[in-house]
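The values are calculated or read from the model by the stated rules, or taken from the named source; none is laboratory data. The structure displayed is predicted, hence computed values, not measured ones. The accessibility values were calculated without ligands, DNA or RNA, using every heavy atom of the protein model including side chains. Shrake-Rupley method; radii C 1.70, N 1.55, O 1.52, S 1.80 Å.
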Amino acid sequence: MAKRISVIAVFTALALIFSYIEAIIPFNLGVPGVKLGIANIVVVCALYIFGVKEAAGISLIRVFVIGLLFGNAVSLIYSLSGAVLSIAVMIICKRLKLSVIGVSAMGGIFHNVGQLSAAALILNSSAVMYYYPVLFISGIVTGIIIGIVSLPIIKNSEKLRS
Amino acid sequence: MNKRDFIAIGVVVLLSVLGFVFFALKGSGGQTVKISVGARVYGTYPLSENRELKIKTDAGYNLVEIKNGRVFVKDADCKDKSCVKQGEISGGSIVCLPHKLVVEVTGEGDFDAVAR
Ligand SMILES: [Zn+2]
């Protein structure tokens, strides 16, 4: 049990490091707060290795810590919308027995959908929806990449689980 | 990847394409209001949708309202208030010089400006 908690802590730290890397090397698509989301590797792995609660917890802690360190209230809302929608969709897709890559791709899509919807509401402009095709495709692509990276980690995670 | 992955992603792609086509059709064909502050485009909005925009910049504040196919500056904290006096327009532009604000009505649904 103690080992499990420390592994979860390490996962959370990894998610923070990935977000930090992304914060200092921004991949800017023009809409503030929209990013690749490599920290999702950790969330996807946590979802399969530990479970729903742990994955959601790591994701939310990550959003709040990074928001406090690098962001402001607005960027926190963007990230939170993306993270919450992404994790919710991934949990549903996992229950629907999608593969790791499928779950991750769906998570990637809805991560961007969440952020874009928040941007549309905050900027009070439906015009941001013109970003949708770009972000949709980038969501699928990054989601699949994250799934491919996560797959071997999940397969070799027997030791972490015990 | 399994069959369910492709079904799920396929459904989402289909819904997105439908939604986007619907949105694009609805958005185009009308006139648009382009608001810029200095060299920066603040936003582009369809003239057909009523809305109020509070535009706060370092220079000051303008309240732009789009109503019934017309756009006007409802309120501003600039000295001359000439932007407010310019009244309602459905073509051309309103300028607030002290705030470097330009409200422009253009014919086409040109949302490219937002992407820059
Ligand atoms: Zn003025």
Please give the per residue accessible area of the protein assembly as shown, computed with a probe of 1.4 Å over protein heavy atoms only, in Å². 51
Write down the Kirkwood hydrodynamic radius of the protein assembly as shown, to one decimal in angstroms, obtained as one divided by the mean of 1/r over all alpha carbon pairs. 20.7
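Using only protein heavy atoms and a 1.4 Å probe, how much accessible area in total is buried between A and B, to the nearest 100 Å²?
On the way: alone 8390 and 7710 Å², together 14280 Å².
Buried surface at the A/B interface: approximately 1800 Å².
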Return the sequence-ordered ³J(HN,Hα) values of the stretch A:135-141 in whole Hz as given by the Karplus equation 6.51 cos²θ - 1.76 cosθ + 1.60 applied to θ = phi - 60°, using x for Gly and Pro. 5, 5, 5, 5, x, 4, 4
At least 20 Å² accessible surface lost relative to isolated chain, residues of the stretch B:1-23 (1.4 Å probe): B:M1, B:N2, B:R4, B:D5, B:A8, B:I9, B:V12, B:V13, B:S16, B:F20, B:F23
Summarise the accessible area of the stretch A:2-161 (1.4 Å probe, protein heavy atoms) by the percent that is carbon and sulfur. 75
Over chain A: Kirkwood hydrodynamic radius from C-alpha pairwise inverse distances, Å: 15.6
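Relative contact order, percent, of the stretch B:31-106 when contacts are C-alpha pairs under 8 Å separated by at least 6 residues? Each step should come with its number before you reach the end.
Working: 169 pairs, mean separation 23.1, N = 76.
Dividing the mean separation by the residue count of the stretch B:31-106 yields 30 percent.
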The protein assembly as shown, helix-only ellipticity at 222 nm - DSSP H runs n ≥ 4, -39,500 (n - 2.57), divided by all residues, nearest 500: -18500 deg cm²/dmol
Order A:L69, A:L14, B:L47, A:L121, most accessible first, counting only protein heavy atoms with a 1.4 angstrom probe. A:L121, A:L69, A:L14, B:L47
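Specify, per residue and in Å³, the volume enclosed by the convex hull of the alpha carbon atoms belonging to the stretch B:31-106.
Working: hull volume 5.3 nm³, N = 76.
Per-residue hull volume (Cα only) is 70 Å³.
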